[in-house]
1. Please indicate, with yes or no, whether at least one residue in region 3-25 is more than 14 Å from MET81 (Cα to Cα), open to solvent by less than 40 Å² (accessible area, probe 1.4 Å) and at pLDDT below 95.
2. Using the structure shown, decide if GLY34 is assigned to a loop (DSSP other than H, G, I, E, B), open to solvent by less than 60 Å² (accessible area, probe 1.4 Å), among the small types (Gly, Ala, Ser) and touching a residue at least 40 places away in the same chain (Cβ under 8 Å).
3. In the list LEU79, LEU84, which residue meets the criterion of being in contact with a Leu (Cβ under 6 Å, 6 or more places away or on another chain) and hydrophobic (A, V, I, L, M, F, W, C)?
4. Can you say whether ALA48 is modelled with pLDDT of 95 or more, open to solvent by 50 Å² or more (accessible area, probe 1.4 Å) and of a type in the set (A, V, I, L, M), as far as the supplied structure shows?
5. So, in region 61-84, exactly how many residues are open to solvent by 40 Å² or more (accessible area, probe 1.4 Å), basic (Lys, Arg) and touching a Ser or Thr at 6+ places or on another chain (Cβ under 8 Å)?
6. Between residues in region 1-12 that are under 14 Å from ARG37 (Cβ atoms) and residues that are not in a strand (DSSP E or B), which pairs lie under 8 Å by C-beta distance while being six or more apart or on different chains?
7. Need pairs with beta-carbon distance below 9 Å; first residue farther than 14 Å from ASP88 by Cα and within region 40-65, second of a type in the set (A, V, I, L, M, F, W, C) and part of a loop (DSSP other than H, G, I, E, B); sequence gap 6+ or separate chains.
8. Hey, could you check region 51-60 for residues that are assigned to a loop (DSSP other than H, G, I, E, B) and in contact with a Ser or Thr (Cβ under 9 Å, 6 or more places away or on another chain) and say which is surrounded by the fewest Cβ atoms within 10 Å (Cβ to Cβ)?
Amino acid sequence: QVQLVESGGGLVQAGGSLRLSCVASGSIFGFNMGWFRQAPGKQREWVATKAYTGYTTFADSVKGRFTIARDDAKNTLYLQMNSLKSDDTGVYYCRSETRGAIRWGQGTQVTVSS
């Protein structure tokens, strides 16, 4: 089973940038990979997907500010977050999916101060 470990979170001022990484313990070749986030008191929400085909899609709330990339040779998924807003605050989770099997990372905290 693939284990996912996120990193790169932290405290940043509004308008700033962060780059999150998600390293898998095994190959992510053929996996659909994505980022989700959960703000305090809210449900977890989808942020972005990078499919194994290369197909990329974003939630409207982050479109134009976030980019997602993957390096299958390094078993790593990235999320570049620019022009951060206070609404982007939350725990960011990496998710993998293949043949119906879903795995989650433990999350990394992102806090955007206004």
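1. no
2. So GLY34 does not fit the description; no.
3. LEU79 is the lone residue from the list that is in contact with a Leu (Cβ under 6 Å, 6 or more places away or on another chain) and hydrophobic (A, V, I, L, M, F, W, C).
4. Against the criterion (modelled with pLDDT of 95 or more, open to solvent by 50 Å² or more (accessible area, probe 1.4 Å) and of a type in the set (A, V, I, L, M)), ALA48 does not qualify.
5. Of the residues in that region, 1 qualify.
6. Here the result reads GLU6/GLY105; GLU6/GLN106; GLU6/GLY107, each pair linking region 1-12 to a residue that is not in a strand (DSSP E or B).
7. From region 40-65, the pairs are ALA51/PHE31; TYR52/ILE28; TYR52/PHE29; TYR52/PHE31; THR57/ALA51.
8. The extreme case among them is TYR55.
The values are calculated or read from the model by the stated rules, or taken from the named source; none is laboratory data. Just so it is clear, the structure is predicted and the values come from calculations on it, not from any experiment. Every residue, glycine as well, gets a Cβ built from its backbone with ideal geometry; the counts of neighbours run over all protein chains shown. Ligands, DNA and RNA are excluded from the accessible area calculation, which covers all protein heavy atoms including side chains. Shrake-Rupley method; radii C 1.70, N 1.55, O 1.52, S 1.80 Å.
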